[in-house]
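Some notes on the structure that comes next.
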Ligand SMILES: [Zn+2]
């Protein structure tokens, strides 16, 4: 493995441990990836079925654009690799992160009928790349969950095309995807969106209790 790959794998493992500590990647849930090179496409991808709180750099696999493992023995890439690859291609992302938090799961169901969730008026929105004011309205699309990853990747491709300004999307009763030009930016986007989703969820609960 190249030094670049090892450094990227170490970065993904560190992010996984941090997200696990916040309760966003419990058990073997969620997955993380970062682009190692574009031509031909090589992506560092977390292996399937590993505890994300204990993800080690050697459990990060190198995959190609067909989600085939190219240079690592043992381990199988995440089932959701095809979704990561699609996001990398559609958005030119350098890293893609996917969390399964309680709040993103709840809100992905609560707002599914509307096809998404509008987040506006929060200062934390300014943590999203290109957003300069709290008055920004972020539309977070919600896509119906599926175990057919080829079809789901196509649906996500269409969703990303339709919502070109979106910094992430939710899979219904499943989780959140976000991305960035690099791992640091993708991590920041997940932190911002998780914060906003939890804030919205807690606000709804407090309002409900005070009626
Ligand atoms: Zn997932």
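Before moving on, here are some points about what is shown:
- Selection of the stretch 155-183 for residues being away from the ligand (no atom under 16 Å from the Cβ) and in contact (Cβ under 8 Å) with a residue 60 or more places away in the chain yields 157, 160, 161, 180, 181, 182, 183.
- Leading residue by the ranking (farthest from the chain's Cα centre (by Cα)) among those in the stretch 50-77 that are assigned to a helix (DSSP H, G or I) and surrounded by fewer than 17 Cβ atoms within 10 Å (Cβ to Cβ): 58
- Residue 86 being modelled with pLDDT of 95 or more, in contact with a helix residue (DSSP H, G or I) (Cβ under 9 Å, 6 or more places away or on another chain) and more than 26 Å from residue 159 (Cα to Cα): no
- Residue in the stretch 31-49 that is within 16 Å of the ligand (Cβ to nearest atom), crowded, with 17+ Cβ neighbours inside 10 Å, assigned to a loop (DSSP other than H, G, I, E, B) and in contact (Cβ under 8 Å) with a residue 24 or more places away in the chain present: no
- If the condition is being at pLDDT below 95 and over 12 Å from residue 48 (Cβ atoms), then the stretch 70-83 contributes 70, 71, 72, 73.
- Looking across 80, 90, one residue alone is under 21 Å from residue 148 (Cβ atoms), under 16 Å from the mean Cα position of the chain (by Cα) and away from the ligand (no atom under 13 Å from the Cβ). It is 90.
- Inside the stretch 19-30, residues that are more than 13 Å from the ligand (Cβ to nearest atom) and either free of Cβ contacts under 8 Å to residues at least 12 places away in the same chain or crowded, with 23+ Cβ neighbours inside 10 Å (or both) make up a count of 0.
- Selected residue (criterion: surrounded by the fewest Cβ atoms within 10 Å (Cβ to Cβ)) from residues of the stretch 100-111 that are within 16 Å of the ligand (Cβ to nearest atom) and not in a loop (DSSP other than H, G, I, E, B): 102
The values are calculated or read from the model by the stated rules, or taken from the named source; none is laboratory data. For clarity, every value in this text was computed on a predicted model and none was experimentally measured. Using ideal geometry, Cβ is built from the backbone for each residue, glycine included, and neighbour counts are taken over all protein chains shown.
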